[in-house]
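What follows is one structure encoded as structure tokens, with my remarks underneath.
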Amino acid sequence: MAMATALASAALPQLLPGTTNVHPLRRREDAARRREDAGARFARQNDRATIAEPDVDITPREIVSRRARSWNGMTAEIVQMTRRQRVDVCYRGGAHLLIVVEQGVRSTGETSVEGLPPSTLRDLRRKMTFVPAGRRFHEWQQPSLLSRATYIYFDPARLPLELEWDHSGALQTPRLFFEDAALWETALKLGRLIENPGNEGRLYLEALGVVLAHELVRPAASTRRSPPARGGLAAWQQRILVDYIEENLAERISLAELARLVRLSPYHVCRAFKESFGVPPHRYHTGRRIERAKTLLAKPDCSVTEIGMAVGFSETSSFSAAFRRATGLTPTAYHRGLR
């Protein structure tokens, strides 16, 4: 027993005085445990509820229609006026708010954001307003052209870390009735996705949200050096993502999970993925689903409905639409052509 103890002691590395004597195996176990804990925290963070309800108060409520969708700390809603009468809009909340006015002209009215002079601008088309969390926003107007706007809420606690660290100043600066072509186009894509969810899926929604958040702070970021997107993903990153997507074709895949797997931010994994594969992650995922479906359609014992569900489509109609968009044929027509 004494000899065994002596041998065990000899196997341990001798450290300098004042340091903790920890065996390398123990260090590796501790590191693995920390990674598991970090993964669990990440999972819990992504499971947390998003902003439950849009917080903008519109009076009277009955003269507008509202349609919203939430995901990963963001909520977007389309607000459409239905009658030409005075309307008041108020907001002060814990989320950043971006207002994108697609159409709207007022005969009279005023808009104010805490920290900025008020504006009586009449033609609000293609104008955007950014309200940082905690700031007060108020608008009243008598519309001459019914307005249509998209309200996009960003939970500060769920923003990508590089935005939180590098551009906190931009996210605390209110902006009233500004224009930005890139931000405008991304916001419109987001609005269309809310109105017509189609088959693009949650991954596309997340990607648009990440791009929108980065474009929102882009004017402030232009004076900073940012990591280049040239070269795309490293070989090991491509291998990990391809394998993960193949193994989870029928599942919902989040951009945040892809980013975690290759140790990048969601924004940079989206850009680097397109650089490497020629398409963004959501389109690659859909394309692989269609290729798997083609393989299954070659088998005579599977129905179109079963194949659609096997590759992740909950409805036959959505599967047929996606398949036809990719191949020019319906699944049934494709199956017949294989006979």
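Answer with yes or no whether G134 is closer than 20 Å to G209 by Cβ, outside any strand (DSSP E or B), under 26 Å from the mean Cα position of the chain (by Cα) and small (G, A, S). Judged against the criteria, G134 is not a match. Once segment 139-181 is narrowed to residues that are part of a loop (DSSP other than H, G, I, E, B) and under 22 Å from S254 (Cβ atoms), the residue that is modelled with the highest pLDDT is D155.
The residues listed here are A272, A187; of these, the one that is surrounded by 22 or more Cβ atoms within 10 Å (Cβ to Cβ), in the same structural domain as L176 (by TED's automatic domain parsing) and either of a type outside the set (A, V, I, L, M) or modelled with pLDDT of 85 or more (or both) is A187. Residues in segment 242-256 that are without any contact (Cβ under 8 Å) to a residue 40 or more places away in the chain and not in a loop (DSSP other than H, G, I, E, B): V242, D243, Y244, E247.
The values are calculated or read from the model by the stated rules, or taken from the named source; none is laboratory data. Computed from a predicted model, the values in this text were never measured in an experiment. Positions of Cβ are backbone-derived with ideal geometry, glycine not excepted, and every protein chain shown enters the neighbour counts.
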